[in-house]
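S.K.: Before we start, here is the structure in question, set down as structure tokens.
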Amino acid sequence: MKKHPVDELFSRKLRDAEITPRDEAFQKFQQRLKAKERRIGWWQKGLWLAAAGVSLLLIVEGGWWLSQQPNEINTLALSNRSSTNGIAPSSHQTSEQKVADATNELTSLENNAQVGVGSRTKSEATTSSSATTPSKHHVKLKDAIQPLVQETQIAQVEVTTTASEPQIKIEEPTKTVVLTNAATAKPTEKTVVLQLPELEKTLVVVNESQTTVAATNSSMTDNDVLNKPRKSTRMAKVWQQLKNAKNGEKVDWDEVGFNPNKLVTKAIGK
Amino acid sequence: MVRILQLFTNEGQLVKALQKGDPKAQRYFYEKYSARMLAVCVRYLNNHMEAEDVMIEGFMKVFERINQYKGEGSFEGWMHRLITNEALMRLRTRRHIEMDIDAPEIHQHVHVESVEHRLEADDLMVMLAKLPTGYRTVFNLYAIEGYSHAEIADQLGINESTSKSQLHRARTLLQQMISEVEGLKWKV
């Protein structure tokens with residue numbers, strides 16, 4: 001189809017026509033490009049940039065989390081320290097001193113209980129009240145020649161004192177041991193913990209021995225008798241009196257448990 | 001400028017660079033097509049400053065939709081259509097397209113072939129600027145851009161018969177103007 005001459009003229013002349021824009025048009029074009037770049041957010045510039053941002057955020061959060069982990073441990077440690085330090089220094093020191101004193105006392109008790117009569121001088125040398133061991137108790141009985149009633153009273157008093165004092169001393173170390181375990185685990189404190197059951201046993205033994213002594217109201221004077229087992233004490237006493245009768249020495253019939261003279265008088269009287 | 005021109009030796013390289021948002025490619029695109037596209041916009045809008053605005057807006061549309069260009073047809077043709085649509089949109093929003101049906105009939109016949117070598121593009125641009133908006137728009141779309149009447153009717157929202165009558169009246173007015181210019185030039 002042939003084009004109209006006017007259409008042909010205008011199409012040929014104006015199809016490739018050019019009009020140079022002004023410089024202001026180029027500046028406006030540049031401004032529009034910058035405005036477009038500003039409008040386009042960082043998330044629209046590409047997935048790489050968005051992924052980089054997300055990964056950076058994760059790294060920062062991970063680093064913060066990792067940095068927080070040691071801080072929490074440190075804070076826990078500090079809180080423990082502060083809790084232990086929160087106690088007044090004097091009380092802390094006193095507790096430590098108590099621990100030390102208690103350990104010394106307990107060791108002395110244990111040594112006395114184990115050594116027994118053999119460590120008589122050592123037990124006498126100790127000035128602490130915890131030195132009330134069976135050996136000392138028996139030494140007192142041996143030295144003081146008093147009526148049986150008074151001796152039993154003394155024995156009971158001593159038994160009560162010895163029974164009461166170790167209980168107090170046991171409670172104090174347990175408290176201090178708990179505190180020291182919470183604060184810091186030291187090897188010395190472990191030794192204290194290991195000594196506690198043994199001390200309780202020794203104390204029980206001491207009490208039993210003292211109570212048996214008080215119950216029998218005996219006036220044992222011979223060291224051999226003390227060396228004998230506790231269960232055969234009565235038999236030992238009877239045996240000792242029989243030995244005295246055999247050797248012609250004075251026989252304490254009360255120690256034996258019966259007096260033959262009294263039995264004879266009763267029989268004659270009947 | 002020489003260095004930029006050396007970077008984009010063909011249309012494909014330019015398109016790829018524009019798809020990546022390369023600022024150099026965008027500048028090269030402006031330098032290469034701004035004068036031609038401004039002429040297109042001036043043909044439709046008949047106002048140099050407004051045509052510059054429409055051209056820049058059209059370039060922004062090209063950059064935004066550059067990924068939609070799949071290499072089917074020439075890039076310049078695809079871009080030309082975008083710029084034309086932008087100009088038509090501007091006319092539509094400002095209600096500049098008023099179909100003049102009362103234009104006088106011109107029965108004077110002008111031999112265009114005998115005077116075309118004496119007319120320059122600027123002369124023809126002046127003639128187009130004198131046309132009413134409806135005449136000019138339809139003549140631009142049909143005679144210069146190569147649109148069919150159906151496409152013009154679809155683009156402008158008018159009937160095909162209206163498009164045909166507008167084209168006919170535009171031709172008649174242009175012939176009249178050419179004869180007047182021819183007469184003046186012959187007198188000179």
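The values are calculated or read from the model by the stated rules, or taken from the named source; none is laboratory data. These figures come from a predicted structure and were not determined experimentally. We place every Cβ from the backbone using ideal geometry, glycine too, and count neighbours over all the protein chains shown. In case anyone asks, the SASA skips ligands and DNA or RNA and just uses the protein heavy atoms, side chains included. Shrake-Rupley method; radii C 1.70, N 1.55, O 1.52, S 1.80 Å.
S.K.: For segment B:43-54, how many residues are more than 7 Å from chain A (Cβ to nearest Cβ) and crowded, with 16+ Cβ neighbours inside 10 Å? Step through it out loud before you land on a result.
M.R.: Just the residues of segment B:43-54 that are more than 7 Å from chain A (Cβ to nearest Cβ), to begin with: B:44-51, B:53-54.
Keeping just the survivors that are crowded, with 16+ Cβ neighbours inside 10 Å gives B:44-46, B:50-51, B:53-54.
Selection size over segment B:43-54: 7.
S.K.: Also, quick follow-up: Which of the residues belonging to segment B:137-156 are touching a residue at least 40 places away in the same chain (Cβ under 8 Å) and open to solvent by 10 Å² or more (accessible area, probe 1.4 Å)?
M.R.: Correct list: B:Glu145, B:Gln155, B:Leu156.
S.K.: Using beta carbons and a limit of 9 Å, which pairs, at least six apart or on different chains, have the first residue in segment A:1-24 and open to solvent by 100 Å² or more (accessible area, probe 1.4 Å) and the second one among the basic types (Lys, Arg) and at pLDDT below 90?
M.R.: Close Cβ pairs (under 9 Å, with a partner that is among the basic types (Lys, Arg) and at pLDDT below 90) do not exist here.
S.K.: Being more than 60 Å from the chain's Cα centre (by Cα) and modelled with pLDDT of 90 or more is the filter here, so list the residues in segment A:33-57 that pass it.
M.R.: Once the filter is applied, which keeps residues that are more than 60 Å from the chain's Cα centre (by Cα) and modelled with pLDDT of 90 or more, segment A:33-57 yields nothing.
Here's the yes/no breakdown for (1) open to solvent by less than 10 Å² (accessible area, probe 1.4 Å); (2) within 11 Å of chain A (Cβ to nearest Cβ):
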| site | (1), (2) |
| --- | --- |
| B:Val15 | no, no |
| B:Pro23 | no, yes |
| B:Gln26 | no, yes |
| B:Ser34 | yes, yes |
| B:Leu38 | yes, yes |
| B:Cys41 | yes, yes |
| B:Phe59 | yes, yes |
| B:Asn67 | no, no |
| B:Glu72 | no, no |
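S.K.: Shifting gears a bit: Does segment B:126-167 hold any residues that are of a type in the set (Asp, Glu) and outside any helix (DSSP H, G or I), and which are they? Can you show your working first?
M.R.: Pass one, segment B:126-167, residues of a type in the set (Asp, Glu): B:145, B:151, B:154, B:160.
Result: B:Glu145, single match.
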